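> Starting off with a structure, shown below.
What follows is calculated from the coordinates using simple rules that are stated; it is not laboratory data. Remember, it's a predicted structure, so these values are computed and weren't measured experimentally. Quick reminder, even Gly has a Cβ in these numbers, built from the backbone with ideal geometry, and neighbours come from all protein chains shown.
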Amino acid sequence: MTDTVKYVLDESHIPKRWYNIAADLPSPPPPVLHPGTKQPVGPDDLAPLFPMSLILQEVSSDREIDIPEPVREIYRQWRPSPLFRARRLEKVLQTPAKIYYKYEGVSPAGSHKPNTAVAQAFYNKEAGIKKITTETGAGQWGSALAFAGALFGIEIKVFMVCVSYNQKPYRRALMETYGAKCIPSPSNETNSGKAILAQRADHPGSLGIAISEAVEIAATHDDTKYALGSVLNHVLTHQTIVGQEAIKQLEMAGDYPDIIVGCTGGGSNFAGIAFPFIGAQLRGGKKVRVVAIEPAACPSLTRGRYAYDFGDTGHLTPLVKMHTLGSTFTPPGFHAGGLRYHGMAPMVSHCLQLGLIEAKSYNQVECFSAGV
């Protein structure tokens, strides 16, 4: 059909392996450093926060990582997700370009986040973990981990950035429906939160602060681990299932992209669609232009420094080299709360340094105006 709008793969085409771009890069990203010694961290340094299986994925240089069959079985509830050809938009724009978009909203939580939430919950369950703490901005990640926790019988505690907690009560309701406990951040439940509230009682919160609170709980409780919804290598790797499916769907359409565009906050959504195409290019395939789009109110890639920084406001995490606006930066409370993070995934930052991607920033008003 020449007028096909939706390209759908059957369940047999769900990828059996995640793709790890580290295997194909011309140089490895800078190592994660211990904040005290400034030396590269080892697995034991990360063990208080993550199960060993995820730590090994974080530092892996293998091109492919097997997806456990129980995870693939859960993926079947919504994967493969559809690829759409935006034919009506093309007509409105009067453009000769073909516009495709990968729609991840078909997942139970309504976003791409369950792709890694289910995987992280599985590995924690396998390690005997009973509780997981995490942060969330707009609530997409918190909803996804709450969903995954319910599947594996793990207790989930979510620190939700306060401004989004108030802006988006239905996301909070969704988390609670799945059985998670949702707390506005900063809170009085942690020393990190208390310190922020002592400075400003009506603090709107930030992802950096919420991460501090979640990490503090995990680091001080033996039965609890921490899960992150973006930024880290293993999270980005789990999301590459999106781009792998898109490659197959574009084959169905008889096309291959010239340009790939993705919104970028911490980097996992962008990496999920882009990294498989970049990897194909690095292995001798067609060159593609890859553009990361970030909010002008939190422009880490376009205005941040490329430097070692903490992943959280309370300085409880290791140091990672990334594009950063500073760990104490608190962005304004714009609508896309999940993009209010001071830094960028080290692997995405490294790709920018290598010239494999480019970055642009836009404010929310011009985006809304263009869309409606």
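> Ignoring everything except DSSP H segments at least 4 long, calculate the 222 nm mean residue ellipticity for the chain; use -39,500 (n - 2.57) per segment, divide by total residues, nearest 500. Present the calculation step by step, with values, prior to reporting the outcome.
Details: 16 runs with 143 residues, N = 372.
Result for the chain, helices only: -11000 deg cm²/dmol.
> Related question: Could you rank the peptides 134-141, 181-188 by their average count of other C-beta atoms within 10 Å per residue, with the highest value first? It would help to have the intermediate numbers written out before the result.
Values: 134-141: 28.8, 181-188: 20.6.
Answer by packing, highest mean first, reads 134-141, 181-188.
> What is the packing order of peptides 362-370, 343-351, taking the mean over residues of other C-beta atoms within 10 Å and listing the highest first?
Highest-to-lowest ranking by the protection proxy: 343-351, 362-370.
> Can you figure out the FRET efficiency of Lys248 with Arg200, using R₀ = 51 Å and their beta-carbon distance, to the nearest 0.05?
For R0 = 51 Å, the calculated efficiency reads 0.55.
> Right, something else. What is the antiparallel percent of DSSP beta bridges lying wholly in the chain, to the nearest 5?
Numbers: 17 of 41 bridges.
So the antiparallel bridges in the chain amount to around 40 percent.
> Apply 1/(1 + (r/R0)^6) to the Cβ-Cβ distance of Ser12 and Glu358, taking R0 = 35 Å, and write down the FRET efficiency to the nearest 0.05.
The formula returns an efficiency of 0.45 here.
> Right, something else. What is the fewest-to-most order of His221, His234 by other Cβ atoms lying within 10 Å of their Cβ?
Fewest-to-most ranking of His221, His234: His221, His234.
> Here is a follow-up. Quick one: go through the range 113-136 and flag any residue whose amide nitrogen is under 14 Å from the point 7 Å out along the Cα-to-Cβ line of Gln167.
136
> While we're on this one: How big is the dipole moment of the range 139-287 about its Cα centre under a simple scheme where the beta carbon of each Lys and Arg is +1, that of each Asp and Glu is -1, and everything else is neutral? Debye, nearest 20, please.
Using Cβ point charges on Lys, Arg, Asp and Glu, the range 139-287 gives about 240 debye.
> Any idea what angle helix 241-253 forms with the longest principal axis of the chain, computed on alpha-carbon atoms, 0 to 90 degrees, nearest 10?
Computed tilt is about 10 degrees.
> Of the beta bridges DSSP finds with both residues in the range 187-337, what % are antiparallel, to the nearest 5?
55
> Which percent, to the nearest 5, of DSSP beta bridges fully inside the range 280-372 are antiparallel?
Here the share of antiparallel DSSP bridges comes out near 60 percent.
> Quickly rank 61-70, 305-314 as a protection proxy: mean count of other C-beta atoms within 10 Å, highest first.
Result, highest mean Cβ count within 10 Å first: 305-314, 61-70.
> Using a Förster radius of 51 Å, what is the FRET efficiency between Ala307 and Ile99 based on their Cβ-Cβ separation? Nearest 0.05, please.
Efficiency for this residue pair is about 0.90.
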